[in-house]
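Taking it in order: structure first as structure tokens, then the write-up.
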Amino acid sequence: MNTDTGILQLESYILQPDAFHGDAIPKRLKPDVIGRFVMDRVGRDTRIKSMLRLEKVVTFYDLHEVCGHLSSLLPANPTPTDVAKSAVISRTIAAVCTPAEVPKLASYSHLLISNAQSSSDIVELLELQDRLGPGTDSRTLEARIGQLRAAAAAQAESNYQARQEAYSLDEMRSLRLDRVRRANDTKAQLLAIADRKKRIGEEIKIYLTLEYGYLEYLTPWSAIRLRHETWGNSPADQLVRAEDAGRRTEMASMFRTVESNLGRLPDIDPENIPSLRVRCLRAVEYFGGALTNEERSWITQNAGRQVDVLSNE
């Protein structure tokens, strides 16, 4: 794609976000073009809505090259007004940095947690906790949610907004935080699978929303993991983007095999098979596999508004 066209797409998607096209990540752009755009156009004054769009782009392209720049945007001593945006920046970094950087981000998250003032802050911090992944301590976040809930509950009898806030925070502590913890436990179990084909098979199941729970956290993670599987044979070898043609062919082949056997898989509602087939075929093409004209036509006829992360569309 022409560099100027790519820049215009990034400007529109990231810097001029609307309410309707959040999933329309610009595709087929060169990582170095995006990297230069981030360095030149994203700064401390960039709005949180734009940072949320940037998070999607950086994660989709696995742009570890921008970690240093994004880290420089984090205030050393965050205030309550910094919490939400800094949480978004932190989890963007966590999505693409090396594992060695995660403890630093986890430590920084405690500064954000201590400054959180509302359920809207906690929403972003829960997403950060998910992104930090297995092994990170969530007790500080749980305690802060409890403090904010108690403060809201003290005013709940006479204040409707406080009553709603207390309800939201209670739900976040008792339900969402537990789901983040359980999702991270599942991630740890999958990352520990030494057999490559078995591990990828489980990651594909999650990507297709089969057999696993906590999908609001695990499905995006599985898309990241499946891309990383093209970088090396094991998670320990998948620290930096280094795609390999042979491993991409392997991924396309595995999705092709799953696509061919969807009708034989247990506990799948036949009504869901067209959607799953669209997702598989798009992944086949994303990883470099060839689709027939008939398959492309079938996708057009059956995809509707379905959005798939591992897709060139």
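The values are calculated or read from the model by the stated rules, or taken from the named source; none is laboratory data. As the structure is a prediction and not an experimental result, all values here were calculated from the model. Here the Cβ is made from the backbone with ideal geometry for all residues, glycine too, and neighbour counts use every protein chain on show.
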Practice item. Test ARG91 against the criterion of being within 22 Å of ASN184 (Cα to Cα) and part of a helix (DSSP H, G or I), and give yes or no. Key: yes
Study note, to complete from the structure: Flagged in the range 10-40 as closer than 17 Å to LEU310 by Cβ and surrounded by 18 or more Cβ atoms within 10 Å (Cβ to Cβ), in numbering order, are ILE25, PRO26, LEU29
Point to revise | Residues located in the range 101-124, provided they are within 27 Å of ARG241 (Cβ to Cβ) and under 19 Å from the mean Cα position of the chain (by Cα) | key: GLU101, VAL102, PRO103, LEU105, ALA106, SER109, GLU124
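Does any residue of the range 64-79 turn out to be over 21 Å from ASP40 (Cα atoms) and either assigned to a helix (DSSP H, G or I) or touching an Asp or Glu at 6+ places or on another chain (Cβ under 7 Å) (or both)?
no
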Exercise for review: Return only the number of the condition from (1) more than 22 Å from the chain's Cα centre (by Cα); (2) free of Cβ contacts under 8 Å to residues at least 12 places away in the same chain that LYS197 does not satisfy.
Suggested key: (2)
Revision key, fill the gap. Cβ pairs under 8 Å, 6+ apart or interchain, first in the range 78-99 and touching a residue at least 12 places away in the same chain (Cβ under 8 Å) and over 30 Å from ASP237 (Cα atoms), second polar (S, T, N, Q) and surrounded by 21 or more Cβ atoms within 10 Å (Cβ to Cβ), ordered by first then second residue, are PRO78/SER86
Check your understanding: Out of all the residues in the range 106-118, which are surrounded by 21 or more Cβ atoms within 10 Å (Cβ to Cβ) and either of a type in the set (A, V, I, L, M) or within 24 Å of ALA162 (Cα to Cα) (or both)?
Key -> LEU112, ILE113, ALA116
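Report, by residue number, each residue of the range 152-162 that is in a helix (DSSP H, G or I) and surrounded by 15 or more Cβ atoms within 10 Å (Cβ to Cβ).
Selection gives ALA152, ALA153, ALA162.
Report the residue count in the range 96-119 for those that are touching a Lys or Arg at 6+ places or on another chain (Cβ under 6 Å) and either assigned to a helix (DSSP H, G or I) or of a type in the set (D, E, K, R) (or both).
Going through the range 96-119, the residues touching a Lys or Arg at 6+ places or on another chain (Cβ under 6 Å) turn out to be 113, 116.
If we keep only those that are either assigned to a helix (DSSP H, G or I) or of a type in the set (D, E, K, R) (or both) too, we end up with 113.
Counting residues in the range 96-119 that are touching a Lys or Arg at 6+ places or on another chain (Cβ under 6 Å) and either assigned to a helix (DSSP H, G or I) or of a type in the set (D, E, K, R) (or both) gives 1.
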Revision key, fill the gap. Scanning the range 254-312 for residues that are over 21 Å from TYR212 (Cβ atoms) and among the basic types (Lys, Arg), the one modelled with the lowest pLDDT turns out to be ARG305
Check your understanding: Which numbered condition trips up ILE122, out of (1) within 23 Å of LYS85 (Cα to Cα); (2) touching a residue at least 40 places away in the same chain (Cβ under 8 Å); (3) part of a loop (DSSP other than H, G, I, E, B)?
Key -> (3)
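Of the residues that sit in the range 125-139 and are crowded, with 16+ Cβ neighbours inside 10 Å and part of a loop (DSSP other than H, G, I, E, B), which one is nearest to the chain's Cα centre (by Cα)? Show your work before the answer.
Taking the range 125-139 and keeping what is crowded, with 16+ Cβ neighbours inside 10 Å, we get 125-134, 136, 138.
Right, trim to part of a loop (DSSP other than H, G, I, E, B) and you get 133-134, 136, 138.
Details: GLY133: 11, PRO134: 15, THR136: 17, SER138: 19 Å.
Looking at the filtered set, the residue picked out is GLY133.
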